[in-house]
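Structure first, commentary second.
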Amino acid sequence: MAATAFARPATVAEALAALAGGGGRWTPVAGGTDLLVRVRDGARPGGLLDLTGIEALRGIREEAGALRIGALATHAEVAAHEVVRKHAAALAEAATVVGSPAIRNRGTIGGNLANASPAADLVPPLVALGAVVEIAGPDGCREVAAEALATGPGRTVLVPGELIAAARVPLPGPGRTSAFRRLGARRALAIAKVSVAVAATVWRDGALSGVRVALGAVAPTVIRAAAAEAALEGRVPSPDVLAEAEAAVRTDARPITDIRSNETWRREMCAVLLRRAVSALAGAHARSGD
Ligand SMILES: Cc1cc2nc3c(=O)[nH]c(=O)nc-3n(C[C@H](O)[C@H](O)[C@H](O)COP(=O)(O)OP(=O)(O)OC[C@H]3O[C@@H](n4cnc5c(N)ncnc54)[C@H](O)[C@@H]3O)c2cc1C
């Protein structure tokens, strides 16, 4: 068996040049927590293009009205970052529950996005928060809405030769808040069976606006829950409104039955998690004092 080649570019330009000249040989690798499992299971990439030497892909900073999170930011960095916790609570919450400490210290936001698992924990918050993904390629940089990045399990709109450079989360206006809830078989080291992220502006009277709801692990990709969003939009989430939103989210979900859960349970858990996430929004708003 041919040995796998290895390269560690120091800049995005060097990485893109390698990809352009490699004839499909190179597979990017960041933390390796998804890729090396595939290698263990028999995948044989022609070459590993280690992105971890590229300083420009690191760091989390405020820039032009957004929070720019470099593709190499680890789950642990995202979870601990003060500005992420303050302005993108759902994302910090999701990063806190990924895998285990070891996985959180190695796994990256770029890898989570590029891997395109419908159960990826960081994706529902990014979708609910209206994030865009910066993609670097031979013709420069392009942007794709987080919700449009994945096209199916393990598939994205990335074309050969492109890299994810960052995710950009718009900084929220007054009263805007977000929450993430998920269920797995265990608290640690268990992929989500269902997850829900919600972002909304909470007004003084408790009414919600600009509601965005994203569902994980209940469709081939992370999806928006349009009917649930409509049921909550402009309304105070009273018990009756929440009941309507729960009925709506059951219709938004498109789950399957697999070895981890069945379809009916997943639909029901979407409703339960939506209720919990919306209740958490009201609590977060009260604490913020906006
Ligand atoms: C034991 C275990 C538990 C886990 N638990 C969870 C969990 O609870 N929740 C969860 O969401 N995930 C979980 N994962 C999956 C994984 O840890 C995450 O998806 C992680 O974010 C992947 O990031 P990485 O940097 O390790 O990606 P890598 O393995 O390095 O790469 C993954 C894929 O993305 C591509 N890639 C990486 N970076 C880029 C980039 N910048 N541009 C383009 N392509 C890129 C690679 O080519 C590869 O195809 C778990 C994995 C393991 C092994």
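Table for the structure above
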item: Meets criteria (free of Cβ contacts under 8 Å to residues at least 40 places away in the same chain and either outside the structural domain of S100 (by TED's automatic domain parsing) or open to solvent by less than 50 Å² (accessible area, probe 1.4 Å) (or both)) for R181; result: no
item: So A64, is it without any contact (Cβ under 8 Å) to a residue 60 or more places away in the chain, surrounded by fewer than 20 Cβ atoms within 10 Å (Cβ to Cβ), under 28 Å from V211 (Cβ atoms) and assigned by TED's automatic domain parsing to the domain that holds A166; result: yes
item: Residue that is assigned to a helix (DSSP H, G or I), charged (D, E, K, R) and either loosely packed, with under 14 Cβ neighbours inside 10 Å or out of contact with any Phe, Trp or Tyr (no Cβ under 6 Å at 6 or more places or on another chain) (or both), where the choices are R260, R275; result: R275
item: Close pairs from segment 27-55: first without any contact (Cβ under 8 Å) to a residue 60 or more places away in the chain, partner within 6 Å of the ligand (Cβ to nearest atom) and of a type in the set (G, A, S), Cβ under 7 Å, at least 6 apart; result: T52/A30
item: Any hit, segment 170-193, residues being within 8 Å of the ligand (Cβ to nearest atom), farther than 27 Å from S261 by Cβ and touching a strand residue (DSSP E or B) at 6+ places or on another chain (Cβ under 8 Å); result: no
item: So D240, is it on the phi < 0 side of the Ramachandran plot, free of Cβ contacts under 8 Å to residues at least 40 places away in the same chain and either polar (S, T, N, Q) or assigned to a loop (DSSP other than H, G, I, E, B) (or both); result: no
item: Listing of strands (runs of 3 or more DSSP E) fully contained in segment 1-107 that carry 1 or more residues being farther than 20 Å from L129 by Cα, within 9 Å of the ligand (Cβ to nearest atom) and not aromatic (F, W, Y); result: 26-29, 47-50
item: Pick from segment 191-210, criterion under 22 Å from A120 (Cβ atoms) and not small (G, A, S), ranking: surrounded by the fewest Cβ atoms within 10 Å (Cβ to Cβ); result: I191
item: Members of segment 122-142 found to be farther than 23 Å from V98 by Cβ and either in contact (Cβ under 8 Å) with a residue 24 or more places away in the chain or touching a Ser or Thr at 6+ places or on another chain (Cβ under 6 Å) (or both), listed by number; result: A136, G137, P138, C141
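Per-residue answers, yes or no, for (1) of a type in the set (D, E); (2) open to solvent by less than 30 Å² (accessible area, probe 1.4 Å); (3) over 11 Å from the mean Cα position of the chain (by Cα):
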position: A73; (1), (2), (3): no, yes, yes
position: A95; (1), (2), (3): no, yes, no
position: R104; (1), (2), (3): no, no, yes
position: I109; (1), (2), (3): no, yes, no
position: V159; (1), (2), (3): no, no, yes
position: A167; (1), (2), (3): no, yes, no
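Each row is one residue, and each column tells you yes or no for (1) touching a strand residue (DSSP E or B) at 6+ places or on another chain (Cβ under 8 Å); (2) in the same structural domain as A120 (by TED's automatic domain parsing); (3) farther than 17 Å from R182 by Cα.
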residue: A207; (1), (2), (3): no, no, yes
residue: V213; (1), (2), (3): yes, no, no
residue: G216; (1), (2), (3): yes, no, no
residue: T221; (1), (2), (3): yes, no, no
residue: A226; (1), (2), (3): no, no, yes
residue: G234; (1), (2), (3): yes, no, yes
residue: R260; (1), (2), (3): no, no, no
residue: R266; (1), (2), (3): yes, no, no
residue: A284; (1), (2), (3): yes, no, yes
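The values are calculated or read from the model by the stated rules, or taken from the named source; none is laboratory data. Treat the numbers as computed from the prediction; the structure is a model and nothing was measured. Heads up, the Cβs are rebuilt from the backbone with ideal geometry, glycines too, and the neighbour counts pull from every protein chain shown. Ligands, DNA and RNA are excluded from the accessible area calculation, which covers all protein heavy atoms including side chains. Shrake-Rupley method; radii C 1.70, N 1.55, O 1.52, S 1.80 Å.
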